[in-house]
Amino acid sequence: MSGWHIGVIGGSGLYEPGALEDAQEIAVKSAFGEPSGPITTGRIGPVRFTFIARHGEGHALSPSHVNYRANVDVLKRAGVTDLLAISAIGSLQEELAPGTFVAVDQLIDRTTGRERSFFGNGIVAHVPLADPVCPRLSGHVAKAAAKAGAKIHKGGTYVAIEGPQFSTRAESHMYRAWGADVVGMTAMPEARLAREAELPYALIGMVTDYDCWRDAQDDVDVTDILRVMKGNADTAKAMLSKLAQVLPKTRSASPIDTILDSAIITPRDQWPVSARTRLDAVAGRMIEIFPTTKE
Ligand SMILES: CSC[C@H]1O[C@H](OP(=O)(O)O)[C@H](O)[C@@H]1O
Ligand SMILES: Nc1ncnc2[nH]cnc12
């Protein structure tokens, strides 16, 4: 094996990962509540992939009700080294037409009231998030997407809205004025949590619509989104196969793998057992290094 183990979070229209060798479906428990569903783990050649459908079976969970913490926690428990999120997105730029794949590299968070940290109840951490996307993983995925036949746009700022309603026209214009390129409802807090779990995160957004800023086009609706997503899902699955081919033979360390080394502010001898237990996957590396007996 190569050392790469790619966690894949499949969004709207991508409810299963495609053909994986030795695929197994496993229900993994999380200390952070119910994940969206079971994970599916298997291989493509030397690379292990573990998949979870973000909105659950039958797309039953709205963006506000997805348990992002539990999803990232179970993928970390499964041993993934890197996290690839795949999402439907609306375009805020003329040149990003429906069907385009965007390797997002920046995020603006307009979500409200979602659990956005694993830390806080006894162990406090402040991870850096200036660049929320891992350029190495994103670069490999962009290459794989191109090999799978996708029109790929490298770089772009994604605004995460709370939803589930789409944006108002004034909001859509405002996001464009902010310099945003695409809009969706799920990349936050997912990217924050991936960073806290020491998982390099990449986001491939598949443009399904032009939101509602563009006079020349009907406003976004779900029927159009699903039609475009149907066409994109096969390319997304092919992208995973190509990713297994383009990843370097062995995975070298990323600075994100050890980001908690300089992020946890609570002295280690103060870490309560309850918090250590909850964080045994997310911060398992640290907890192994610094055992403590504090109740
Ligand atoms: C089905 S349209 C809106 C829905 O699609 C996107 O979900 P995901 O990011 O999981 O692909 C968007 O964020 C909304 O949740
Ligand atoms: N226009 C849009 N706004 C928010 N999320 C989306 N997902 C797909 N298209 C979207």
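The values are calculated or read from the model by the stated rules, or taken from the named source; none is laboratory data. Keep in mind that this is a model prediction, so the values were computed, not measured. Neighbour counts are summed over all protein chains in view; Cβ atoms, including those assigned to glycine, are modelled from backbone coordinates with ideal geometry. Accessible surface areas use protein heavy atoms only, side chains included; no ligands, DNA or RNA. Shrake-Rupley method; radii C 1.70, N 1.55, O 1.52, S 1.80 Å.
Limited to the stretch 133-160, what total is found for residues that are more than 16 Å from ligand 1 (Cβ to nearest atom), touching a residue at least 60 places away in the same chain (Cβ under 8 Å), of a type outside the set (G, A, S) and touching a helix residue (DSSP H, G or I) at 6+ places or on another chain (Cβ under 7 Å)? Number of matching residues: 4.
Checking the structure you have, find out if any residue of the stretch 155-167 is among the hydrophobic types (A, V, I, L, M, F, W, C), surrounded by fewer than 22 Cβ atoms within 10 Å (Cβ to Cβ) and more than 13 Å from the chain's Cα centre (by Cα). Yes - at least one qualifying residue is present in the stretch 155-167. Among the residues of the stretch 169-197, those that are open to solvent by 10 Å² or more (accessible area, probe 1.4 Å) and away from ligand 2 (no atom under 16 Å from the Cβ) comprise A177, G179, R192, R195, E196. Does at least one position in the stretch 161-168 carry a residue that is without any contact (Cβ under 8 Å) to a residue 12 or more places away in the chain, assigned to a helix (DSSP H, G or I) and within 12 Å of ligand 2 (Cβ to nearest atom)? No: the stretch 161-168 contains no residue that is without any contact (Cβ under 8 Å) to a residue 12 or more places away in the chain, assigned to a helix (DSSP H, G or I) and within 12 Å of ligand 2 (Cβ to nearest atom).
Please find, among E25, E16, the residue that is out of contact with any helix residue (DSSP H, G or I) (no Cβ under 7 Å at 6 or more places or on another chain) and assigned to a strand (DSSP E or B). Walk me through how you get there before you give the answer.
On the way: E16 fails: assigned to a strand (DSSP E or B).
Residue meeting the stated conditions: E25.
Can you confirm whether D209 is over 24 Å from Y68 (Cα atoms), within 13 Å of ligand 2 (Cβ to nearest atom) and not aromatic (F, W, Y)? For D209, the condition - over 24 Å from Y68 (Cα atoms), within 13 Å of ligand 2 (Cβ to nearest atom) and not aromatic (F, W, Y) - is met.
List every residue pair whose Cβ atoms lie under 7 Å apart, where the two residues are 6 or more positions apart in sequence or sit on different chains, the first residue falls within the stretch 11-34 and is open to solvent by less than 30 Å² (accessible area, probe 1.4 Å), and the second residue, located anywhere, is small (G, A, S) and away from ligand 1 (no atom under 16 Å from the Cβ). Cβ pairs passing all conditions: L20/G42. Could you tell me whether any residue of the stretch 134-153 is assigned to a strand (DSSP E or B) and open to solvent by 30 Å² or more (accessible area, probe 1.4 Å)? Scanning the stretch 134-153, I find at least one residue that is assigned to a strand (DSSP E or B) and open to solvent by 30 Å² or more (accessible area, probe 1.4 Å), so the answer is yes.
Scanning the stretch 212-240 for residues that are away from ligand 1 (no atom under 15 Å from the Cβ) and closer than 20 Å to V102 by Cβ turns up W213, R214, Q217, D234, A238, L240. For the condition open to solvent by 30 Å² or more (accessible area, probe 1.4 Å), out of contact with any Leu (no Cβ under 9 Å at 6 or more places or on another chain) and of a type in the set (D, E), D105 does not qualify. Determine whether the stretch 121-128 contains at least one residue that is more than 30 Å from S252 (Cβ to Cβ), touching a residue at least 40 places away in the same chain (Cβ under 8 Å) and within 14 Å of ligand 2 (Cβ to nearest atom). No: zero hits. Among the residues of the stretch 255-287, the ones that are within 20 Å of the chain's Cα centre (by Cα) and buried (at least 17 other Cβ atoms within 10 Å of the Cβ) come to 7 in all.
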